[in-house]
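Okay, so here's the structure we're looking at.
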Amino acid sequence: MSDPLPRLRALCMSLPEVTEKLSHGEPTWFVRKVFVMYANHHHDDVLGFWCAAPPGAQEALVGERPDRFFRPPYVGHRGWLGVRLDVPDPDWDEIAEIVTDAYRQVAPRKLVALLD
């Protein structure tokens, strides 16, 4: 399996006014506030990322596909979604949609409008 970080980084950085900083030792993407955090075995055996999610998305995705999605520690109670990247053939089109949805949850309206 190739390192998914460059691909995830490219998705996040392609969105308007995104910055990347290390947070808790992991690459983290901000649009004023955090919207995606890389999780390279961060307190567990999962390689993936945690992200802001629309209301109800965490419950739906974890319920439908617990092999790919999970409730992340620390931020899961706020509805954030955990996405596994250590699975065979991650669906990068779906991951791009999830990253964009996370951005939409956090970004100011004027930046979200640039996506439409």
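The values are calculated or read from the model by the stated rules, or taken from the named source; none is laboratory data. Everything quoted here is computed from the prediction, not taken from an experiment. In this analysis, Cβ positions are derived from the backbone assuming ideal geometry, glycine residues included, and neighbour counts consider all displayed protein chains.
Output the qualifying pairs, or none if there are none: Cβ atoms under 7 angstrom, residues six or more apart or on different chains, first residue in segment 1-27 and under 22 Å from ALA107 (Cβ atoms), second residue surrounded by 13 or more Cβ atoms within 10 Å (Cβ to Cβ) and modelled with pLDDT under 95.
Cβ pairs passing all conditions: GLU26/ALA39; GLU26/ASN40; GLU26/HIS42.
Inside segment 14-116, counting only strands (runs of 3 or more DSSP E) that do not spill past its ends, which hold 3 or more residues that are surrounded by fewer than 14 Cβ atoms within 10 Å (Cβ to Cβ)?
Working: elements: 19-23, 26-31, 33-40, 47-51, 81-84.
By residue number, 19-23.
For segment 3-20, state whether one or more residues are under 19 Å from ASP86 (Cβ atoms), modelled with pLDDT under 95 and small (Gly, Ala, Ser). Explain how you work it out, then say what you get.
Kept after step one, since they are under 19 Å from ASP86 (Cβ atoms), are these residues of segment 3-20: 3-12.
Those still in the list that are modelled with pLDDT under 95 too: 3.
Cutting the leftovers down to small (Gly, Ala, Ser) gives us none.
No, segment 3-20 contains no residue that is under 19 Å from ASP86 (Cβ atoms), modelled with pLDDT under 95 and small (Gly, Ala, Ser).
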